[in-house]
Amino acid sequence: MNDTNKIFEYDRALLPAMIAGMDEVGRGPLAGPVVAACVIMPLDSPIDGIFDSKKVGEKNREELYEKIVRVAISYGVGIADNYVIDEINILNATKKAMREAFNAMKLVPTLLLVDAVKGLELSCETRAIIKGDAKSYNIAAASIIAKVTRDRIMRGYDAEYPAYKFAKNKGYGTAEHIAALEAEGSCPLHRATFIKNFSMPTVEKEHSERQAQ
């Protein structure tokens with residue numbers, strides 16, 4: 001049994017509940033938003049290749065994303081930007097994005113499987129599953145939606161802030177990204193609370209200006 005079939009059967013074992021999966025992407029980067037997705041997938045036959053988004057190549061993720069959103073019974077996406085992350089911390093920003101993703105759905109599931117995060121206080125039974133994107137078909141599908149959505153956002157910002165190579169690093173703290181931070185200072189996408197140990201006078205200025213708006 002391959003990985004997709006294994007996680008597909010995990011969810012099928014929970015029928016007849018209407019099962020949704022939820023996951024987030026972007027808790028660790030130095031820049032950009034955290035993105036959450038929630039999805040209810042049909043459980044008649046699996047889409048081959050759906051698995052933990054971190055273990056699926058970028059080209060395959062893009063192809064799977066199109067297949068997932070085409071057949072999904074319902075799905076929603078939530079986004080918390082870097083200013084929200086700085087204001088309420090990354091865990092609370094993640095929960096905020098997850099609640100937005102859930103509320104964006106057209107249907108309310110009877111059972112929501114969430115990758116690891118607890119305490120969401122949503123209007124259905126919720127189960128937090130450690131490494132859920134490698135165990136549940138619906139969570140894995142949500143992880144792909146979230147990952148592709150966030151990658152597209154960061155690629156879009158690359159043209160606006162080319163020095164940081166966001167199309168390549170997606171805001172994560174690669175050596176190239178850190179070198180750009182040290183040379184150029186921060187940009188409005190950077191998380192001030194994540195880069196506070198860098199010696200960059202622009203960080204506090206940009207963050208203060210945003211908070212004043």
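The values are calculated or read from the model by the stated rules, or taken from the named source; none is laboratory data. Note that the structure is predicted; figures quoted are calculated from it, not measured. Positions of Cβ are generated from backbone atoms using ideal geometry, with glycine treated the same way; all protein chains shown enter the neighbour counts.
Scanning segment 73-92 for residues that are buried (at least 17 other Cβ atoms within 10 Å of the Cβ), within 14 Å of Ala37 (Cβ to Cβ) and of a type outside the set (Val, Ile, Thr) gives Tyr75, Gly76, Gly78, Ala80.
Matching residues to (1) over 23 Å from Ile50 (Cα atoms); (2) touching a Gly at 6+ places or on another chain (Cβ under 9 Å); (3) polar (S, T, N, Q); (4) in a loop (DSSP other than H, G, I, E, B):
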site	(1), (2), (3), (4)
Met98	no, yes, no, no
Val108	no, no, no, yes
Ala141	no, yes, no, no
Thr149	no, no, yes, no
Gly156	yes, no, no, no
Gly173	yes, yes, no, yes
His177	yes, yes, no, no
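Close contacts from segment 27-48, counting a first residue that is at negative phi and touching a residue at least 12 places away in the same chain (Cβ under 8 Å) and a second that is part of a loop (DSSP other than H, G, I, E, B) and of a type in the set (Lys, Arg), with Cβ to Cβ under 7 Å and a gap of 6+ residues or different chains, come to Pro29/Lys170; Leu30/Arg191; Ala31/Arg191; Val34/Arg27.
Might you let me know whether segment 10-30 holds any residue that is under 15 Å from the mean Cα position of the chain (by Cα), in a strand (DSSP E or B) and of a type in the set (A, V, I, L, M, F, W, C)? Checked segment 10-30: at least one residue is under 15 Å from the mean Cα position of the chain (by Cα), in a strand (DSSP E or B) and of a type in the set (A, V, I, L, M, F, W, C).
Scan segment 45-72 for residues that are part of a loop (DSSP other than H, G, I, E, B) and either surrounded by 16 or more Cβ atoms within 10 Å (Cβ to Cβ) or not assigned by TED's automatic domain parsing to the domain that holds Val25 (or both) and the total you get is 8.
Scanning segment 182-213 for residues that are assigned to a helix (DSSP H, G or I) and either at pLDDT 95 or above or within 16 Å of Asn82 (Cα to Cα) (or both) gives Thr202, Val203, Glu204, Lys205, Glu206, His207, Ser208, Glu209, Arg210, Gln211, Ala212. For the residues Ser123, Ser136, the requirement of being within 20 Å of Ser74 (Cβ to Cβ), touching a Phe, Trp or Tyr at 6+ places or on another chain (Cβ under 9 Å) and crowded, with 18+ Cβ neighbours inside 10 Å singles out Ser136.
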